[in-house]
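The values are calculated or read from the model by the stated rules, or taken from the named source; none is laboratory data. Please read these numbers as outputs of a predicted model, since none were measured by experiment. As a convention, Cβ positions derive from the backbone with ideal geometry for all residues, glycine included, and neighbour counts pool all protein chains shown. Each accessible area value is taken on the protein alone, full model and side chains, heavy atoms only, with ligands, DNA and RNA left out. Shrake-Rupley method; radii C 1.70, N 1.55, O 1.52, S 1.80 Å.
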Amino acid sequence: MNEYDSHLVASELAAEGAIFVDSLEQANFVLVNTCAVRGKPVEKVKSLLGKLRKEKERRREPFLIGMMGCLASLEEGREIAEHFGVDVLLGAGAIHKIAEAVRSAGRYWDQGFYPELDEIIPQPPHSLSAYVTLIRGCDHHCTYCVVPRTRGPEISRHPDLILREVEGLLEAGVIEVTLLGQNVNSYGKNDPAYPDFADLIRQVAALGVRRLRFVTSHPMNFSDRIIEAIAETSAVGQYVHLPVQSGSDRILRRMAREYRRDYYLERVEKLRQALPDLVLTTDVIVGFPGETEEDFQQTLELYDQVGFDSAYMFIYSARPGTPSYERFSDMPREVKVERLERLIEKQKEWSLRRNQAWVGRSVEVLVRGPGREEDWALGHDQSNHPVLLPAASVPGPGLYRARIEQASPHMLFGQVEENLLVAEAS
Ligand code: SAH
Ligand code: SF4
């Protein structure tokens, strides 16, 4: 979501005539997009702002510091911005005001939420894959989570805007579209005239999107209708990211996640029946306040029941202003770290086992650019596995048919069988 927002802002700035530069020395405006979901990203923002403040002190010519996004929506962000001499502060719901802010060439702070933000259609990115925001904000109230305060209540974008944005992307040569929201499954809920998420998937696919993905889903809103829509829409791969957060009902209740373990397992069962090749990933928080060894064991057991393909695993981070921060006391860091390590080990075993099942199979790999290692090109297949292909057989960004020859816990290794589409250099 932040990537999309950064792109939207860059697109607005480009329309104002801004020139983008590669180094701090060349810049006279630096805008930091921020995340507030855990303490660590906030620390990173502070250290970056510290560097920018030094740069500003060193400069003779004008130099503006900007901060946008989730942290910029919070009181915590205001204090940080004050401390580091931030000139432009735009909360997550006010980022479309960037052009006005830059034109003011001075202090411009806005932490409001504006419906006009949703009307902006950014320029297509120079990429084969692009994001499209469907819904902003969140109506759930998970006790650990800062998002409902940083991004406000759920608001679905008008379907016409979404479809128009996707059409523009397709004209620009985009192959893969990822639909975005904190909870895409509840799309359309606030307006009876809008399609629901299941119908929206069908409408977007009907425009001719080759690959369609979506993040994030919430188990509570992952209805049978949505499962049917995924199963019958070939552009949507058999890939679902479905955060579970914990395997213990007691902890789920303390987190105010509205479902229980059995319900989650039932959704997974239903998904697997409809999508036999399902690749399932999740988010888990370990060391939530009050999590006993017994609760944690239930998360480990759930892992063995589900066999996730991969997972984002987080240590609980107490975020000021959230209900769990106010109500519960944090546990010692060593306990959280030790649990995280055990969970990572278990996930590694499952990831290897699940990835090995793809060896010998043929997949479509979308390569967006060069890999980190020279000899390899990095792409991802229709189920979102990262796949490395020998660079020598990949003439450039594009779509390739490849046979998987080897698997590690975090990667598939393939050989190119066919060039399906090689993008023109632009
Ligand atoms: N709306 C999405 C994503 C929310 S943030 C969802 O509900 O799944 C992404 C992930 O960050 C969450 O799924 C959760 O696992 C994690 N997270 C959120 N707040 C956290 C906190 N205070 N400490 C640790 N992890 C957190
Ligand atoms: Fe946060 Fe829960 Fe909303 Fe996800 S569903 S954004 S975790 S409050």
Within the stretch 254-288, residues in a helix (DSSP H, G or I), open to solvent by 20 Å² or more (accessible area, probe 1.4 Å) and under 23 Å from T143 (Cα atoms) come out as R254, R261, D262, Y263, L265
Would you point out the residue of the stretch 306-342, among those that are touching a strand residue (DSSP E or B) at 6+ places or on another chain (Cβ under 6 Å) and assigned to a helix (DSSP H, G or I), that is most open to solvent (accessible area, probe 1.4 Å)?
-> L340
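Condition check ((1) within 25 Å of the chain's Cα centre (by Cα); (2) within 16 Å of ligand 1 (Cβ to nearest atom); (3) among the acidic types (D, E); (4) within 30 Å of I230 (Cα to Cα)) across all residues:
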position: L278; (1), (2), (3), (4): yes, no, no, yes
position: E301; (1), (2), (3), (4): no, no, yes, yes
position: D304; (1), (2), (3), (4): no, no, yes, yes
position: S310; (1), (2), (3), (4): yes, yes, no, yes
position: I315; (1), (2), (3), (4): yes, yes, no, no
position: A318; (1), (2), (3), (4): yes, yes, no, no
position: P323; (1), (2), (3), (4): yes, yes, no, no
position: D330; (1), (2), (3), (4): no, yes, yes, no
The correct count of residues that are more than 16 Å from ligand 1 (Cβ to nearest atom), β-branched (V, I, T) and either part of a helix (DSSP H, G or I) or farther than 22 Å from R136 by Cα (or both) in the stretch 211-243 is 3
Confirm whether P148 is out of contact with any helix residue (DSSP H, G or I) (no Cβ under 9 Å at 6 or more places or on another chain) and within 15 Å of ligand 2 (Cβ to nearest atom).
-> yes
Enumeration of residues in the stretch 212-253 that are open to solvent by 10 Å² or more (accessible area, probe 1.4 Å), of a type in the set (G, A, S) and within 22 Å of the chain's Cα centre (by Cα) | S223, A235, G237
Note on the stretch 333-390: residues among the small types (G, A, S) and touching a helix residue (DSSP H, G or I) at 6+ places or on another chain (Cβ under 9 Å) are G371, A377
Scan the helices (runs of 4 or more DSSP H) fully inside the stretch 49-119 and keep the ones with 1 or more residues being in the same structural domain as L31 (by TED's automatic domain parsing) and under 30 Å from G188 (Cβ atoms).
-> 70-73, 98-104
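Of all residues being closer than 30 Å to Q347 by Cα and assigned to a loop (DSSP other than H, G, I, E, B) in the stretch 393-426, which is least open to solvent (accessible area, probe 1.4 Å)? Just the residue, please.
Here the answer is P409.
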